[in-house]
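Engineer: Below you'll find the structure I mean.
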Amino acid sequence: MRYDAILFDLLTALVDSWTLWNRAAGDEATGRRWRKRYLDVTYAAGAYRPYETLVMESAALEGVPPSAPASLLDTWDDIAPWPEAPAVLENLRGDFALGVVTNCSNHLAARTVALLGVPLSVLVAAERAGAYKPDPRPYQLALRELGLPAHRVLFVAGSPSDIPGAMGVGMPVVWHNRLQLQRPVGSPAPLAEIHSLAELPRWAAA
């Protein structure tokens, strides 16, 4: 096969964290506005600062009440994997080492991965890497722990920023664009854009 391993973004590519943010915010429009501001704050963070701090700061910047980030963190274990995710991962793990690279704290990452119900070879959270994606450090740490060169590892992006981030360290990228997000002007094109993880195995085996 062309690849030995597959790395995933966690909070958008494998699980539906966006619905949790919307629920905590009280409605979809406020949740998406808050989440977008959180992403802007995260990408500008440089060295790792606590995930929970960035969640609260972004809420304050958007005028979202403090009860929203408190609710988000209190109900974190209500995050649901995309319906097909566990079965797809179970199918892939017979042929590939699997892992995630995620922009959250170590303990929230571990709790989220547990909801998938499928063992993974690598779990790199921004906290452990010391930086948030798309900084190269989280991707590079995952590659070191896999012990594989970048070209042998397929990365499944959820956020558009993961496309240049993962490609920047040499990994080919498939974008699971479940939410119909826009790829920024000037961003490199992924190998493929899919709208369900059920489409992934044919690209992984290509």
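Taken together, the values in this text are just the output of simple stated rules run on the coordinates, not laboratory data. Because the structure is predicted, anything quoted here is derived from the model rather than measured. With ideal geometry, Cβ positions are generated from the backbone for all residues, glycine too; neighbour counts draw on all protein chains shown.
Engineer: Contour minus end-to-end for R111 and E84, with contour as 0.36 nm per residue of separation and end-to-end as the Cα-Cα distance?
Structural biologist: 7.8 nm
Engineer: Mind pulling the angle between the C-alpha long axis of helix 51-61 and the longest principal axis of the chain? Nearest 10 degrees, somewhere in 0 to 90.
Structural biologist: Once rounded, the angle reads 50 degrees.
Engineer: While we're looking at this one, here's another question. Which value in nm describes the separation of the simple spin-label points at A60 and L179, placed 7 Å from the Cα toward the beta carbon?
Structural biologist: Taking the two extended label points, one gets 2.3 nm.
Engineer: Given only helices, namely DSSP H runs of n ≥ 4 each adding -39500 (n - 2.57), what is the per-residue ellipticity at 222 nm of the chain, to the nearest 500 deg cm²/dmol?
Structural biologist: Value at 222 nm, helices only: -12500 deg cm²/dmol.
Engineer: Continuing with this model, one more query. Could you tell me which of H107, V185, W18 has its Cα farthest along the dipole of the chain towards the positive end, charges placed at Cβ (Lys, Arg +1; Asp, Glu -1), taken about the Cα centre?
Structural biologist: V185
Engineer: Before anything else, pin down the relative contact order of the stretch 70-206: Cα pairs under 8 Å, at least 6 apart, normalised by residue count, whole percent.
Structural biologist: Dividing the mean separation by the residue count of the stretch 70-206 yields 18 percent.
Engineer: At q = 0.19, 0.28 Å⁻¹, work out log10 I(q)/I(0) for the stretch 17-77 with the Debye formula, treating every Cα as an identical point scatterer and leaving solvent out; two decimals please.
Structural biologist: -0.59, -1.22
Engineer: What percent does the relative contact order of the stretch 17-77 come to when contacts are Cα pairs within less than 8 Å and at least six residues apart?
Structural biologist: So the answer I get is 36 percent.
Engineer: What are the ³J(HN,Hα) values, in whole Hz, obtained from phi via the Karplus relation 6.51 cos²θ - 1.76 cosθ + 1.60 with θ = phi - 60°, for each residue of the stretch 121-129 in sequence order, with x given for Gly and Pro?
Structural biologist: Per-residue couplings from phi come out as 7, 9, 9, 10, 9, 4, 4, 6, 6 Hz.
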